[in-house]
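Beneath this line is the structure, given in structure tokens, with notes to follow.
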Ligand code: NAD
């Protein structure tokens, strides 16, 4: 393995990956090959997570292609140096910044959106002129196999290296024996901490795209029907296995019953009376996750759903009430189709609950009032946020995506993906035809001039 990593380093050092023509050609070839494998990928995503063809396209393949198209369109422009003003002291120099590839980067993905969470960061890595090691999740094996086929067909192993296997076994020796120039990790906070520690040993910069408990708050003036539809969609798509799914809902006590009523109507409309046998409803990734989720059903009163079947890895869209704040479901990230509804009477009470898990990856507030909206946005620091919406903020290329604190660090999507995999180098160019003495020692007697020029 070490030899393969050294081969990546050498290929990067050769400069082959750096021209605009090379980057563009690779991105275009990737676009074509993914299009050629669209059906195969959709089939694999159905095997791994029971995603329908439409869902696989919207949330994985199409999501990736849209980001790729955007990058292809803007790449030339992003690669250009940017002139910046020169301060008085350094006149008549000229100054600019220029994005420089980082080198050999490592991209590690989880299983819930196994294709787009591996391939979307890859767009940034290629666009910025890097070589990459890709590590898919071992828990979405069918998708990992198709992705491996695409990568191996398209890229030489000294440009993009595809490594499969159990992360805990495969990755630590890699980090020990080789210094990556960046590690881009998407997955749990638990593993994120392990990776951060290992990266620190070699001062490797990291992007950590983690999870956490993303709250949804309804204000007393919220449009309950619309809020319920958007929350149910965001919570039960992909069986709630979404990093930015609303983890739990906080609703004023007086609105609790109407919200539950509307959530039930919306959920039935989306997934029917028998979601287990509905095409549009997914499945839990594996038995371990299923067991973990079924355990949470004890943590409250099931007012809707609650059925489960290990044989089909099915858990019904479920609404829980009477959930204690110190229960397991309110401490862990749920990452499944179980939605606790908590009530509050004052904003401070709701904030106190949210602050038990600070800096969520996403925060959702439903209100019709601008002052209320600002109150919540100002009081809940989060990776991203939506007002009267949920999860869709990550589909806009113009909005950077990432967490803060326990939900991660750094971000990507759109231009930020390119920037994440680039070093922004500052350059000053100074002419030689002028070389005044005041810039050199001794400085005695020149203080007044330096103060004027620097101050
Ligand atoms: P996972 O178990 O598939 O792990 C993610 C990756 O880490 C895998 O490739 C795995 O092989 C690797 N890994 C596991 N243990 C490792 C170790 N000790 N050292 C190095 N690598 C290791 O996925 P997961 O962690 O269960 O993913 C779910 C989590 O990911 C949730 O918390 C979710 O919120 C989060 N997530 C975040 C985002 C985001 O964009 N912020 C997106 C999706 C999922």
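Candidates 323, 365: the one that is under 14 Å from residue 214 (Cβ atoms) and either modelled with pLDDT of 95 or more or within 16 Å of the ligand (Cβ to nearest atom) (or both) is 365. Scanning the range 182-212 for residues that are more than 12 Å from the ligand (Cβ to nearest atom) and surrounded by fewer than 19 Cβ atoms within 10 Å (Cβ to Cβ) turns up 200, 201, 202, 203, 205. Residues in the range 238-258 that are assigned to a helix (DSSP H, G or I), in contact (Cβ under 8 Å) with a residue 24 or more places away in the chain and farther than 18 Å from residue 330 by Cβ: 238, 239, 254, 255, 258.
Would you check if residue 449 is assigned to a helix (DSSP H, G or I) and surrounded by 11 or more Cβ atoms within 10 Å (Cβ to Cβ)? So residue 449 passes the test. The one condition from (1) crowded, with 16+ Cβ neighbours inside 10 Å; (2) within 16 Å of the ligand (Cβ to nearest atom); (3) free of Cβ contacts under 8 Å to residues at least 60 places away in the same chain that residue 228 does not meet is (2).
Conditions (1) out of contact with any helix residue (DSSP H, G or I) (no Cβ under 8 Å at 6 or more places or on another chain); (2) surrounded by fewer than 21 Cβ atoms within 10 Å (Cβ to Cβ), marked per residue:
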site: 293; (1), (2): yes, no
site: 314; (1), (2): no, yes
site: 321; (1), (2): no, yes
site: 331; (1), (2): yes, yes
site: 335; (1), (2): no, no
site: 367; (1), (2): no, no
site: 383; (1), (2): no, no
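Of the helices (runs of 4 or more DSSP H) that lie entirely inside the range 149-237, those containing 1 or more residues that are not assigned by TED's automatic domain parsing to the domain that holds residue 343 span 167-177, 189-201. All of (1) under 30 Å from residue 234 (Cα atoms); (2) surrounded by fewer than 19 Cβ atoms within 10 Å (Cβ to Cβ) hold for residue 71 with one exception: (2). Determine whether residue 134 is within 13 Å of the ligand (Cβ to nearest atom) and surrounded by 24 or more Cβ atoms within 10 Å (Cβ to Cβ). Judged against the criteria, residue 134 is a match.
Just one of the listed residues (426, 417) is exposed (fewer than 11 other Cβ atoms within 10 Å of the Cβ) and either in the same structural domain as residue 18 (by TED's automatic domain parsing) or outside any loop (DSSP other than H, G, I, E, B) (or both), and it is 426.
The values are calculated or read from the model by the stated rules, or taken from the named source; none is laboratory data. What you see is a predicted model; the values in this text were computed from it and never measured. Heads up, the Cβs are rebuilt from the backbone with ideal geometry, glycines too, and the neighbour counts pull from every protein chain shown.
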